[in-house]
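The values are calculated or read from the model by the stated rules, or taken from the named source; none is laboratory data. Note that this is a predicted model, so its numbers are computed, not measured. Using ideal geometry, Cβ is built from the backbone for each residue, glycine included, and neighbour counts are taken over all protein chains shown. What goes into the accessible areas is simple: the full protein's heavy atoms, side chains included, and nothing from ligands, DNA or RNA. Shrake-Rupley method; radii C 1.70, N 1.55, O 1.52, S 1.80 Å.
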Amino acid sequence: MKQVRVLLIDDDEDDYVLTREVFNQISPRYELSWVNSYEKGIYAILKKQFDVFLVDYRLGKGTGIDLLIEAINSGCEEPIIMLTGKGDLAIDEQAMNIGAADYLVKDEIDPSSLDRSIRYAIKQAGSVKALKDSERKYRAIFEQANDPILVSDYSGRIYDINTAGLKFLIMNDQKYFS
């Protein structure tokens with residue numbers, strides 16, 4: 001099995017020790033690393049050397065939500081799993097809406113749930129990446145095609161049209177209304 005590089009971003013060393021103990025009970029395929037600040041976390045995310053990130057909600061200077069937003073805005077495609085000391089539905093929903101792969105309450109984490117969360121997050125991130133790559137590929141074909149292409153529904157409502165399609169419509173519009 002491929003080694004999975006996990007980075008814990010948490011300013012509390014005790015939480016790192018507890019998390020490491022949980023990882024010791026899981027498959028040896030996980031390689032856990034730790035940074036203890038928001039700044040080091042962002043730096044590590046931007047270096048793209050990890051497969052998944054576990055991010056504590058409370059990070060001193062900023063929050064895990066702030067870090068999540070900055071990471072996503074910086075192009076992070078690896079999954080980020082939010083961790084918190086106490087469950088909070090509002091933070092949970094906010095994290096998920098922004099793009100967190102999962103949200104775990106530290107006191108409820110056991111080896112099985114952590115392993116599953118990481119595996120599912122990595123699988124989901126791979127699916128999302130494949131979908132985005134496919135969308136980019138077909139968007140390029142759509143945009144660069146010399147033939148008119150449009151996307152419409154059954155009623156004829158046009159949702160998208162390429163440049164060749166616009167030129168075709170404008171050219172025919174001018175021909176009929178001149």
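Other residues with beta-carbon under 12 Å from the beta-carbon of ILE72 carry, at +1 per Lys or Arg and -1 per Asp or Glu, a net charge of -4. ALA145: net charge of surrounding residues, Cβ under 12 Å, Lys/Arg +1, Asp/Glu -1, itself excluded? Taking every Cβ under 12 Å from that of ALA145, the sum is 0. Expressed as an acute angle from 0 to 90° and rounded to the nearest 10, what is the orientation of the C-alpha long axis of helix 163-177 relative to the principal long axis of the chain? The helix 163-177 is inclined about 30 degrees to the chain. In the chain, the longest principal axis of the Cα atoms and the axis of helix 64-73 are about 40 degrees apart.
Of all lysines in the structure, the ones whose alpha carbon falls short of 30 Å from that of LYS40, not counting any fewer than 8 places away in one chain, are LYS2, LYS48, LYS61, LYS86, LYS106, LYS123, LYS129, LYS132. Taking ARG116, ARG29 and ordering them by how much accessible surface each has at a 1.4 Å probe, largest first, produces ARG116, ARG29. Rounding to the nearest 10 and keeping the result within 0 to 90°, find how far the Cα-based axis of helix 89-98 lies from the longest principal axis of the chain. On a 0 to 90 degree scale, this one is about 50. Over the chain, dividing the summed -39,500 (n - 2.57) contributions of all DSSP H runs of at least 4 residues by the number of residues returns a 222 nm mean residue ellipticity of -17000 deg cm²/dmol. Taking the range 28-153, how much of its Cα-Cα pair set, in percent, is spaced more than 27 angstrom apart? So the pairs more than 27 Å apart make up 27 percent of the total in the range 28-153.
Ligands, DNA and RNA left out, the 1.4 Å accessible surface of the range 114-178 is 58% carbon and sulfur atoms.
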